[in-house]
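The structure appears below as structure tokens.
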Amino acid sequence: MNLRQLELFVAISDAGSFSRGAEIASLTQSTVSQHIAALENEVGLRLLDRTGHGVILTGAGELFLQHARRVLVECATLQQAMVGFRGLQQANLTVGASNIPANYLVPMILPRLTAEHPGITLTVQTGDSRAMLDCLLADTVELSVVGSRSDDRGLEFVPLANDLLVLAVSPRHPWSKCAKIRLADLTKHPIIVRESGSGSDQALRLALHRASFDPDQLQVSVRLGSNEAVRQALLSGFGAAFLSEIAIRQDLARGELVVVTVADFAVSRQFWLATRSRRTMSPAARIFAELLQESCSGTMIDP
């Protein structure tokens, strides 16, 4: 068993077929098939079932894939560490970031990152907070910047910036002319919320519980998978939503959206830098984390 076989196995599993896996690896399909056959002979188990529509992982293949990914990540970490001794002349770094951090926190450090470390090539995967933590646990990213923390064993969280979620509506919404509304009023008009895995949704539900208000009383009309989707719905004149103030700052300045004050109620949350416990970060990841922490300095995101 060697690293090349592991790389080919992962490529085929991700691509779903030998032909696409061979294309990704720049090898012939017969050569790839020989490598996988040798691998299956060595472990004594069938790892892939060949079908007319591609390949399907067997139970053993699912387990093998998990470990193969970890081995390749550790190998990449080793290579990154060696690059560190050469002054980070060339390093690839993949990080995860939920919506708001991806759009507003990570971009803030790019000028310094590229100026001080031009050899680092950064790839940012985006999704909701839960998905980005899952990517971290699966070792497909080296660290994640998220809007909520979890109790997952094996993860460590460092606080970054605080964020305020405000109730926003279109100027055409009945609430736009109200000086203030009550929590009970949230049951009277359609509310747009983020998907349940998002930090925004978790922060809103927690704040409502603390205010002795059952979140299930909300007249939820739709759940959307990104802040941008929620923002566009509001701009169209539909519904109301609690959104990160930073995400709609320009819309508020142009008068395209309006913030509605809810009496005795506020929603805030913390952004977190998540890493694997007892896992040594690569030099590139360490630099990224340091720049991000310096940029955020644990304070509220301000203009």
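We did not get these values from a lab; they are worked out from the coordinates using the rules stated. Quick caveat: nothing in here was measured; it's all calculated off a predicted structure. Cβ placement follows ideal geometry from the backbone for every residue including glycine, while neighbour counts extend to all protein chains displayed.
What net charge is computed for the residues neighbouring Val230, neighbours being all others with C-beta under 11 Å from the C-beta of Val230, Lys and Arg scored +1, Asp and Glu -1? All intermediate terms of the calculation are to be shown ahead of the outcome.
Working: positive: Arg194, Arg223, Arg231; negative: Glu195, Asp201, Glu228.
Neighbour charge sum, excluding Val230 itself: 0.
Taking the Cα centre of each part, how many Å lie between segment 171-190 and segment 113-139?
If we compute the Cα centre of each part, the gap is 38 Å.
To the nearest 20 debye, what charge dipole does segment 3-81 have about its Cα centre, counting +1 at the Cβ of each Lys and Arg and -1 at the Cβ of each Asp and Glu? Write out the running numbers ahead of the final one.
Numbers: 6 positive and 8 negative charges, 8 e Å.
Around 40 debye, computed over segment 3-81.
What is the gain in length, in nm to one decimal, between Arg182 and Cys75 on full extension, counting 0.36 nm per residue of separation less the C-alpha to C-alpha distance? List each step's numbers first, then the result.
Working: separation 107, 0.36 × 107 = 38.52 nm, distance 5.57 nm.
In short, 33.0 nm is gained.
Expressed as a rounded percentage, what relative contact order does the chain have, with Cα pairs under 8 Å and six or more residues apart? Walk me through the numbers on the way to the answer.
Values: 526 pairs, mean separation 66.5, N = 303.
About 22 percent, as a whole number.
Relative contact order of segment 163-269, please, whole-number percent, based on alpha carbon pairs below 8 angstrom and at least 6 residues apart.
Details: 190 pairs, mean separation 55.9, N = 107.
The normalised contact order for segment 163-269 reaches 52 percent.
If packing is taken as the average count of other Cβ atoms within 10 Å, what order do 160-173, 15-28, 107-120 fall into, highest mean first?
Highest to lowest by the protection proxy: 160-173, 15-28, 107-120.
When a/c reaches 1.5 or more, the comparison of a/b and b/c decides; with that in mind, is segment 163-269 rounded, prolate or oblate per its Cα gyration tensor?
Details: a/c = 1.41, a/b = 1.18, b/c = 1.20.
Rounded is the answer for segment 163-269, as its axis ratio a/c remains below 1.5.
What list of ³J(HN,Hα) couplings, whole Hz, do you get for segment 54-65 from phi and the Karplus terms 6.51, -1.76, 1.60, once you set θ to phi - 60° and write x for glycine and proline?
Rounded to whole hertz, the list is x, 10, 10, 5, 7, x, 5, x, 4, 5, 4, 4.
Enter the Cα centre distance for the pair segment 36-77 and segment 259-291, rounded to the nearest angstrom.
What the calculation gives is 34 Å, centre to centre.
Enumerate the calculated ³J(HN,Hα) couplings along segment 212-221 in order (Karplus 6.51 cos²θ - 1.76 cosθ + 1.60, θ = phi - 60°), each rounded to whole Hz, writing x wherever the residue is Gly or Pro.
Residue by residue, segment 212-221 yields 6, 10, 6, x, 5, 6, 4, 8, 5, 9 Hz.
Just to confirm a number: summing +1 for Lys and Arg and -1 for Asp and Glu over residues other than Ala11 whose beta-carbon lies under 12 angstrom from that of Ala11, what do you get?
That works out to 0.
Can you give me the distance in nm between label points at Val259 and Asp216, each placed 7 Å from the Cα along the Cα-to-Cβ direction?
With each label point 7 Å from Cα toward Cβ, the separation is 3.3 nm.
Once amide H atoms are placed 1.01 Å from N in the peptide plane, what residues at a sequence separation of 5 or more from Leu218, or on another chain, have their amide H within under 5 Å of its amide H?
none
Given labels modelled 7 Å from the Cα in the Cβ direction, how far is it in nm from Ser277 to Glu23?
So the label points at Ser277 and Glu23 sit 4.3 nm apart.
Using the Cβ atoms and a cut-off under 15 Å, what net charge is assigned to the surroundings of Ala68, where Lys and Arg are +1 and Asp and Glu are -1? Write out the running numbers ahead of the final one.
Values: positive: Arg4, Arg69, Arg70; negative: Glu7, Asp14, Glu40, Glu42, Glu62, Glu74, Asp139.
Charge balance near Ala68 sits at -4.
Among Ala179, Gly16, Gln125, whose Cα projects farthest towards the positive end of the dipole of the chain, with charges put on the beta-carbon of Lys, Arg (+1) and Asp, Glu (-1)?
Ala179
I need the phi-derived Karplus couplings for segment 111-127: 6.51 cos²θ - 1.76 cosθ + 1.60, θ = phi - 60°, integer Hz, Gly and Pro marked x.
For segment 111-127, the Karplus-derived couplings read x, 5, 4, 6, 6, 8, 9, x, x, 8, 9, 9, 10, 10, 8, 10, x Hz, x marking Gly and Pro.
Using amide H atoms built in the peptide plane, which far-off residues or other-chain residues are under 5 Å from Leu160 H to H?
Phe271, Trp272, Leu273
Give the average over all directions of the projected area of the C-alpha convex hull of segment 3-81, one decimal, in nm². If you can, show how the numbers build up before the last one.
Details: hull surface 20.2 nm².
About 5.0 nm², averaged over all directions.
Cα gyration tensor of segment 58-175, axes a ≥ b ≥ c as square roots of the eigenvalues: rounded (a/c below 1.5), prolate (a/b > b/c) or oblate?
On the way: a/c = 2.64, a/b = 1.39, b/c = 1.89.
Since a/c reaches 1.5 but b/c is at least a/b, the shape of segment 58-175 is classed as oblate.
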